[in-house]
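The values are calculated or read from the model by the stated rules, or taken from the named source; none is laboratory data. Keep in mind that what you see is a predicted model, and the values were worked out from it rather than measured. Here the Cβ positions follow ideal geometry from the backbone for every residue, glycine too, while neighbour counts run over all protein chains shown.
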Amino acid sequence: MKKKFSALFFILCFSAVSTAQSNQSLKLDSILPVRGFCISAPQPAVLAEFIKFIDEELAVRKVNTLILRVDYNYQYESHPELRDSIALSKQDVKKLVAACSRNNIRIIPQVNLLGHQSWAGKIGNLLREYPDFDETPLVKMPEKYVWPNADGLYCKSYCPLHPGVHKVVFAVVDEICDVFEADAFHAGMDEVFYIAERQCPRCSGRDPAELFAGEVRKIRDHLSLSGRELWIWGDRLIDGKTTGLGEWEASFNNTWRAVDMIPKDVIICDWHYERPDQTPVYFAMKGLGVVTCPWRMPGNAVLQVQDMVRFREHSTPEMKERFMGMVQTVWSGTGQFLDSYYGKRKEEGKNTPESCFRALFDEIRRLE
């Protein structure tokens with residue numbers, strides 16, 4: 001009898017804890033539906049450590065969205081020529097999928113589309129293999145990269161009107177979404193400096209806003225055929241001159257008018273790293289769902305999450321659901337971030353992605 005009572009008591013306690021945790025998660029979902037983390041997909045050598053981080057750090061903070069910047073760090077079968085020299089296998093990816101599944105984390109893979117087809121003096125895999133996709137083929141990669149430069153080169157873009165580009169990139173998009181079992185895809189599309197270039201025989205004379213919006217629509221419509229959602233960075237949809245946000249966090253080349261031309265089910269990742277600018281209101285008023293994305297300044301991240309909660313509390317029902325939550329971003333390699341996070345690498349100063357991550361989710365825990 002004593003053993004039966006002990007077992008029953010254990011079951012009741014476990015049930016009470018599970019119910020409390022479930023209610024807690026539901027409450028947090030109502031405060032911040034998206035609690036995200038964005039980082040490059042790990043290389044195979046640090047896969048196990050990253051999965052440990054998912055289980056022991058992301059899960060306990062109730063992170064429910066993981067944006068993985070995969071790009072060509074996968075052994076693509078549709079286009080093996082685009083693979084990085086060291087890349088995740090299908091078995092590796094399934095380990096990530098399993099880790100996120102057991103922790104109720106939604107995975108959103110990212111492959112940079114349109115912009116970011118080069119970096120510094122190195123051409124990206126897509127334009128390396130398909131140079132005819134280049135929006136600016138006359139701009140050659142420098143031996144030593146400096147900014148500013150005479151060519152206005154930050155990162156190259158592919159030509160959105162090239163007749164062959166989408167056959168290639170959509171095969172990659174479909175494959176990476178399938179292997180990650182994803183119901184959403186992040187297309188990047190930030191910091192597009194080269195668009196509607198005069199030297200391009202297809203884009204010359206076109207409206208940059210219409211070109212940008214057309215590419216967003218094309219990607220979104222393709223994803224919708226498989227019931228998938230499109231996420232993009234928001235900087236190209238903000239007028240950099242009127243707002244004073246500049247050409248990095250916003251647009252100087254007139255793509256910003258595309259905000260009124262894209263489908264309203266595209267999700268905007270609104271990043272501001274040096275100030276907690278309140279542009280989520282702008283995107284929500286345009287009818288778009290938005291998440292705020294800090295990087296390395298803990299004080300700003302705390303203010304941004306407080307803003308997001310306040311926006312949700314003091315909005316109409318129609319506006320409230322467009323303020324979706326927060327996504328912490330990391331722009332170093334996964335291994336470097338993990339080394340810093342676990343104290344294997346010393347970071348100078350207080351403004352680091354690790355400290356920002358901790359501060360952001362400490363504040364979310366306080367709100368919870």
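For the stretch 50-61, the candidate set comprises residues that are among the hydrophobic types (A, V, I, L, M, F, W, C) and not in a helix (DSSP H, G or I); within that set, the residue that is surrounded by the fewest Cβ atoms within 10 Å (Cβ to Cβ) is Val60. The condition (being in a helix (DSSP H, G or I), touching a residue at least 60 places away in the same chain (Cβ under 8 Å) and either acidic (Asp, Glu) or not assigned by TED's automatic domain parsing to the domain that holds Arg83 (or both)) is satisfied by just one residue among Asp178, Asp174: Asp174. Note on the stretch 62-105: residues that are buried (at least 22 other Cβ atoms within 10 Å of the Cβ), under 30 Å from Ile364 (Cα atoms) and of a type in the set (Ser, Thr, Tyr) total 1.
The condition (being in a loop (DSSP other than H, G, I, E, B) and under 21 Å from the mean Cα position of the chain (by Cα)) is satisfied by just one residue among Val216, Val192: Val192.
Would you check if there is a residue in the stretch 311-332 being modelled with pLDDT of 95 or more, crowded, with 22+ Cβ neighbours inside 10 Å and in a helix (DSSP H, G or I)? Within the stretch 311-332, none of the residues are modelled with pLDDT of 95 or more, crowded, with 22+ Cβ neighbours inside 10 Å and in a helix (DSSP H, G or I). For the stretch 234-272, residues that are in a loop (DSSP other than H, G, I, E, B), among the β-branched types (Val, Ile, Thr) and over 23 Å from Gly36 (Cα atoms) total 1.
Count of the stretch 125-154 residues, restricted to those that are part of a loop (DSSP other than H, G, I, E, B) and surrounded by fewer than 18 Cβ atoms within 10 Å (Cβ to Cβ), is 15.
Listed conditions (1) in contact (Cβ under 8 Å) with a residue 60 or more places away in the chain; (2) in contact with a strand residue (DSSP E or B) (Cβ under 6 Å, 6 or more places away or on another chain) are all met by Gly299, apart from (2).
Being under 26 Å from Val172 (Cα atoms), in the same structural domain as Arg322 (by TED's automatic domain parsing) and in contact with a strand residue (DSSP E or B) (Cβ under 8 Å, 6 or more places away or on another chain): is that true of Val291 here? Criteria met by Val291. For the stretch 90-103, the count of residues that are touching a Phe, Trp or Tyr at 6+ places or on another chain (Cβ under 7 Å) and over 25 Å from Gln306 (Cα atoms) is at least one. Residue-level analysis places Arg275 outside the set of residues that are more than 22 Å from Glu247 (Cα to Cα) and not polar (S, T, N, Q). Please determine, by comparing only the residues of the stretch 287-304 that are touching a helix residue (DSSP H, G or I) at 6+ places or on another chain (Cβ under 7 Å) and in a strand (DSSP E or B), which one is surrounded by the fewest Cβ atoms within 10 Å (Cβ to Cβ). Out of the qualifying residues, it is Val290.
Being touching a Lys or Arg at 6+ places or on another chain (Cβ under 6 Å) and of a type outside the set (A, V, I, L, M, F, W, C) is the filter; apply it to the stretch 341-366 and report the residue that is nearest to Phe37 (Cα to Cα). Within the stretch 341-366, the match that is nearest to Phe37 (Cα to Cα) is Pro353. Of Leu161, Leu127, Leu114, all but one fail to be touching a residue at least 12 places away in the same chain (Cβ under 8 Å), assigned by TED's automatic domain parsing to the domain that holds His222 and farther than 20 Å from Ile262 by Cα; the exception is Leu127. Among the residues of the stretch 96-142, the ones that are of a type outside the set (Lys, Arg), within 30 Å of Val60 (Cα to Cα) and touching a strand residue (DSSP E or B) at 6+ places or on another chain (Cβ under 8 Å) come to 10 in all.
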